[in-house]
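Comments concern the structure below.
Throughout, read-outs are computed from the coordinates displayed, never taken from laboratory work. Keep in mind that this is a model prediction, so the values were computed, not measured. Here the Cβ is made from the backbone with ideal geometry for all residues, glycine too, and neighbour counts use every protein chain on show.
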Amino acid sequence: MRTLVLKMSDYSLDGVVAVEDTEFFEFCRELPDDPEALARNRRALERADVHIMGRAAYEGMAGYFPTADDHPYAEVMNAVPKAVFSATLTTADWNNTVIVRGDTAAAIEKLKRTGTGEILAHGGIGFARSLIGLDLVDEYRLAVFPWMAGSGRTLFGDLGKPRSLTLESAVPFGNGVVELTYRRA
C-alpha cells in the first residue's frame, strides 16, 4: 500500500504555516536557498508517483510552474501526475492533472491501493488540515524555519484525537531550516 506524505514548507518553530501577505511569508521568501535542501526536495518530488493538492494550492502552482523555466522544481512539477481535490474547480489545464470530487477519504484510500511510489500531498493549509482531520497522513515532512510567528494559521490546531508518531529524521540545513520527518507509530 502506498504511503501518503504531507509536505509542509514554510512552517514556524511555534507551529504556524506561512501565508501570503504576512511577515513570516516574506521571511521565508527572503531566506537564502540551501543547495542541499533544494536537492533533497527535488528528490522527494521525483520519488512521488502522484502529487495531490487542494484547489487553492493547485491554482497557485498551476499559475506559476508552467512558465517558471528557471525554477529548480518546474520540470518535475510540470511532468508529474497530479490530482486536485475540489468541489468547485471545473477545469484543470495544468499538464497531467485530474480533478477529484466527492469523498476525500475514499479517494485517498483508492490512491493508496493503486500504483507504486509515494503520494505527496502539498498544501494549502485547508486541504492539509482536512487530510490530518481524516487521519489519512502516513508521514509528515515539515520544513521548520527559524522563526516564531506568534499567531497565525496552525496545521494541527484541531486534531480531534491524539496521534503517536515516530521521528524518522531531522535534517538541518545551512540556512537554519530543519526538515523534520515523522511517521505513524
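What is region 1-75 by shape, rounded, prolate or oblate, if you read a ≥ b ≥ c off the alpha carbon gyration tensor as root eigenvalues and call it rounded for a/c under 1.5, prolate for a/b larger than b/c, and oblate otherwise?
rounded
If each of residue 70 and residue 185 carries a label point 7 Å out from its Cα toward its Cβ, how far apart are those two points in nm?
Taking the two extended label points, one gets 4.8 nm.
Given contacts defined as C-alpha pairs under 8 Å and at least six residues apart, what's the relative contact order of the chain, whole-number percent? Can you show the working numbers first?
Details: 329 pairs, mean separation 65.0, N = 185.
Across the chain, relative contact order equals 35 percent.
Looking at the chain as a GNM with Cα springs under 10 Å, which of 112, 161, 82 has the largest mean-square fluctuation?
161
What is the magnitude of the charge dipole of region 4-184 about its Cα centre, with +1 placed on the Cβ of each Lys and Arg, -1 on the Cβ of each Asp and Glu, and no other charges, expressed in debye to the nearest 20?
Numbers: 19 positive and 26 negative charges, 183 e Å.
With only Lys, Arg, Asp and Glu charged at Cβ, the dipole is about 880 debye.
Restricting attention to region 73-158, which chymotrypsin sites (Phe, Trp or Tyr not before Pro) occupy a DSSP loop and are surrounded by at most 15 other Cβ atoms within 10 Å?
The qualifying sites are 156.
Nearest 5 is fine: what % of DSSP beta bridges in the chain come out antiparallel, could you say?
The antiparallel fraction comes to roughly 40 percent.
Which value in Å is the Kirkwood Rh of the chain over different Cα pairs?
17.0
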